[in-house]
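Enquirer: One structure coming up, written as structure tokens, with questions to follow.
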Amino acid sequence: MALIATGGLITGHGIAAVLAAGAAAAQLGTAFLLCPEAGTSQAHREMIRRNAAPTALTRAFTGRTARGISNRFLREHTPHAPSAYPEIHHLTAPLRSAARAQGDADGFHMWAGQAYPLAQPTPAAELVLNLAADARDALQTAAERITTGDHHQQSRWR
Ligand SMILES: Cc1cc2nc3c(=O)[nH]c(=O)nc-3n(C[C@H](O)[C@H](O)[C@H](O)COP(=O)(O)O)c2cc1C
């Protein structure tokens, strides 16, 4: 069975770690939020760029738990939000659309993983190449450490 690692991965080093731990692949979401190709709204992009607030888990926007950047809507409604997807999603959708259209970062969901401050405004294809190169470097560096250890032991045994 192939396992795909996901959640909180945003650097090549993180990808290297999960591959070394046995994952068949790494899946990244938040890493792509600032790519020019992403559908991320301007207000959401601005919150990410400013590293404006921590993330939190909430049912407030849709009735099902997800992680987003903390804002007024999230803070006010999380404590009493019911587990009621998709009803809450449909109920809040017009409010969230209006807030997003007005650029009101306090009124709509800004999904993001905990590592969002490390997101880069890089075109997606370039970002994937950079991440792959960084992951390869990290794995090579780690492998070389082990090789060095072997040499050390061999020379001691000689
Ligand atoms: C654009 C976007 C959409 C998301 N949509 C959902 C969703 O529908 N349901 C959910 O449980 N989490 C959703 N999440 C948040 C995830 O709960 C998760 O915390 C996060 O993306 C972790 O992986 P990452 O660090 O690779 O982004 C979404 C995240 C992003 C960036």
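For every residue, the table says whether it meets (1) touching a Lys or Arg at 6+ places or on another chain (Cβ under 8 Å); (2) of a type in the set (Val, Ile, Thr); (3) more than 22 Å from Gly29 (Cα to Cα); (4) in contact (Cβ under 8 Å) with a residue 12 or more places away in the chain.
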site: His80; (1), (2), (3), (4): no, no, yes, no
site: Ile88; (1), (2), (3), (4): yes, yes, yes, yes
site: Thr92; (1), (2), (3), (4): no, yes, yes, yes
site: Ala105; (1), (2), (3), (4): no, no, no, yes
site: Val128; (1), (2), (3), (4): no, yes, no, no
site: Ile146; (1), (2), (3), (4): no, yes, yes, no
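Enquirer: Take the conditions in contact (Cβ under 8 Å) with a residue 40 or more places away in the chain and among the aliphatic types (A, V, I, L, M) and apply them to Leu57. Does it pass?
Expert: No, not satisfied.
Enquirer: Turning to a different aspect of this structure: Report yes if some residue within region 123-135 is within 16 Å of the ligand (Cβ to nearest atom) and outside any helix (DSSP H, G or I); otherwise report no.
Expert: No.
Enquirer: Follow-up. For region 1-81, please list each of the helices (runs of 4 or more DSSP H) lying entirely inside it that holds at least 2 residues being within 13 Å of the ligand (Cβ to nearest atom) and under 27 Å from Ala132 (Cα atoms).
Expert: The qualifying helices (runs of 4 or more DSSP H) are 12-20, 42-49.
Bear in mind these aren't lab numbers, they're just calculated from the coordinates by the rules spelled out. Since the structure is predicted, the reported quantities are computational estimates derived from the model, not experimental observations. Positions of Cβ are backbone-derived with ideal geometry, glycine not excepted, and every protein chain shown enters the neighbour counts.
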